[in-house]
1. Can you tell me which residues in segment 81-93 are in contact with a helix residue (DSSP H, G or I) (Cβ under 6 Å, 6 or more places away or on another chain) and either surrounded by fewer than 17 Cβ atoms within 10 Å (Cβ to Cβ) or not assigned by TED's automatic domain parsing to the domain that holds residue 162 (or both)?
2. Please go through segment 75-93 and pick out each residue that is farther than 24 Å from residue 34 by Cβ and in a loop (DSSP other than H, G, I, E, B).
3. Quick one: in segment 9-22, which of the residues that are loosely packed, with under 13 Cβ neighbours inside 10 Å and at pLDDT 95 or above is nearest to residue 78 (Cα to Cα)?
4. Please tell me if residue 127 is in contact with a helix residue (DSSP H, G or I) (Cβ under 6 Å, 6 or more places away or on another chain) and assigned to a helix (DSSP H, G or I).
5. Against the definition (in the same structural domain as residue 123 (by TED's automatic domain parsing), surrounded by fewer than 20 Cβ atoms within 10 Å (Cβ to Cβ) and modelled with pLDDT of 95 or more), how does residue 66 come out, yes or no?
6. Would you check if residue 29 is part of a loop (DSSP other than H, G, I, E, B), without any contact (Cβ under 8 Å) to a residue 40 or more places away in the chain and crowded, with 20+ Cβ neighbours inside 10 Å?
7. Out of 106, 96, 100, 72, report the one residue that is in contact with a helix residue (DSSP H, G or I) (Cβ under 6 Å, 6 or more places away or on another chain), assigned by TED's automatic domain parsing to the domain that holds residue 142, in a helix (DSSP H, G or I) and over 22 Å from residue 153 (Cα atoms).
8. Could you pull out the residue among 38, 47 that is assigned to a loop (DSSP other than H, G, I, E, B) and either closer than 25 Å to residue 156 by Cα or at pLDDT 95 or above (or both)?
């Protein structure tokens, strides 16, 4: 049982906000939506922001999902991890890479499983999540591994956004849905 109440899954008010969230989710509200809809304006802003983070950035999907999964694991946000591992696999991640993420710091050094951009992403995710401040050498490695400054900014925003998501999940003890929605989390 979540530590914060979820609104009923058949919520329909305010109609424009609920409809926008349902559109982005393919018609179904997730438990995270049912938590956020306790504050409709928060839910509306979250939907627009996370919709952009997930669907409208230039960052390669595999890099984005590696960062999201790393944050989920580092913050012990199982809900986030369960929703995003299938997305990582669909974006080209392997089962061996997913398994290696159990230790994000070690994965960031694993040249056998992760390429240069992936290792830089994992290290960047680790430092932003655990320390907030990022070492200059890590920033340099990420900058060199990505195509341009836009992708660097987007990666930092993805990591920051999913730290926000994972903190809501953890503080509310959000339960995982009984049905799986592998591609539409947050």
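1. Those that are in contact with a helix residue (DSSP H, G or I) (Cβ under 6 Å, 6 or more places away or on another chain) and either surrounded by fewer than 17 Cβ atoms within 10 Å (Cβ to Cβ) or not assigned by TED's automatic domain parsing to the domain that holds residue 162 (or both): 91, 92.
2. Matches in segment 75-93: 91, 92, 93.
3. Checking each candidate, the answer is 19.
4. Yes; evaluated as a whole, the condition is true for this residue.
5. no
6. In short, yes.
7. The conditions single out 100.
8. 38
The values are calculated or read from the model by the stated rules, or taken from the named source; none is laboratory data. A quick note: this is a predicted structure, and the numbers were derived from the prediction, not measured. No Cβ is skipped: glycine too gets one built from the backbone with ideal geometry, and neighbour counts run over all protein chains shown.
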